[in-house]
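Below is one structure, written out as C-alpha cells; the observations come after it.
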Amino acid sequence: MKKISLILSLMFFSMGLFGCQQNNDKKVDNATLNTENLGMNAEVTEGDFVYRLVTEKAEYGENEPLKIYAELEYIGDKEEVKISHAASPFYFPMVETTRNYEISYRMEEPALSTVIFKGEPLRTEYRGSGGYGSQDKKEYIEFMKRIMNQEFPEGQYVVNGIADFNVIANEETKQKKEYKLKAQVEFRVNNMKNS
C-alpha cells in the first residue's frame, strides 16, 4: 500500500511540474532579456572556434526578406576538423520584444558530421522558424503564421543564435568535447508606408 501511495504521489508531483512548465502565450519576461548594446554583428570565441552571428541590416521593411546568417570558423592547429551536429550546428531562435513573443527554432536531429577547414568558415543563412499550438491565443497564432511565411510584422527582434556541436577531443578514447556558443543580434521591422 505504501508503494502505491508513493508512486501516486510521485506521478502527481511530476504532473504538477509539467503543468507549471507549459506556457500557452509563448511570452517572454523582458526583465530576463539582455538587449543592451546589441548590434548587427556578434562574435564569440571558445577554444579553437569562432562563432559569428550577423544581420545584414539593422532595419527591414515589413515583409522584406531577412538576411541573417551564422558562421563557424576553426582557428586551431590542424588543417581541418570534423564536427558532429544535428541537421545544422546553427540555431536561430528569436524574441519579438515589442509583443514579448518567443519565436522557436526547430530542427531535425540526425547525427551528422561536417569537416571544417582552417580559415574557411562554415556558413548557414536563416531560412525561417516559428510554430504554434492549438491552445495558443489567436493573436499569437496570427503573428506566428506570418513569421512562418517569413513575413515579419512590425516590431523589434532579438536573435538568440546558438552554434551547438561537438568534436572528438581524444582520438584514442573517442571522448567528445561539446560546444554551445551563444551570440545575440537585433533588428527592427518597420512598416515603410508609415515611415
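Coordinate-derived values only; no laboratory data. Since we're looking at a predicted model, the values are computed, not measured. For neighbour counting, all protein chains shown are included, and Cβ atoms are generated from backbone atoms with ideal geometry for every residue, glycine included.
Fully extended, how many nm does the chain gain between residue 41 and residue 63 (0.36 nm per residue separation, minus their Cα-Cα distance)? Spell out each step's value before the answer.
Values: separation 22, 0.36 × 22 = 7.92 nm, distance 2.19 nm.
Here the answer is 5.7 nm.
Sort 189, 44 by Cβ crowding within 10 Å, fewest neighbours at the top.
On the way: 189 21, 44 15.
Arranged by neighbour count, lowest to highest, 189, 44 become 44, 189.
Multiplying the residue separation of residue 56 and residue 170 by 0.36 nm and removing their Cα-Cα distance gives an extension gain of 37.2 nm.
Go ahead and run the numbers for FRET between residue 82 and residue 191, Cβ-Cβ distance against an R0 of 45 Å, rounding to 0.05.
Details: r = 46 Å, r/R0 = 1.02.
In this case the efficiency is close to 0.45.
In a shell of Cβ-Cβ distance under 15 Å around residue 116, excluding residue 116 itself, what net charge do Lys and Arg (+1) and Asp and Glu (-1) give?
Values: positive: 52, 78, 82, 118, 123, 177; negative: 46, 48, 71, 73, 77, 79, 80, 120, 164.
That works out to -3.
Going by C-beta contacts inside 10 Å, put 99, 52 in order with the fewest on the left.
Numbers: 99 17, 52 21.
In increasing order of surrounding Cβ atoms, one gets 99, 52.
The relative contact order of region 24-190 comes to 30 percent, based on Cα pairs under 8 Å that sit 6 or more residues apart. For region 24-190, the spherically averaged projection of the C-alpha convex hull amounts to 10.7 nm². Modelled spin labels at residue 151 and residue 75, positioned 7 Å past Cα toward Cβ, are 4.2 nm from each other.
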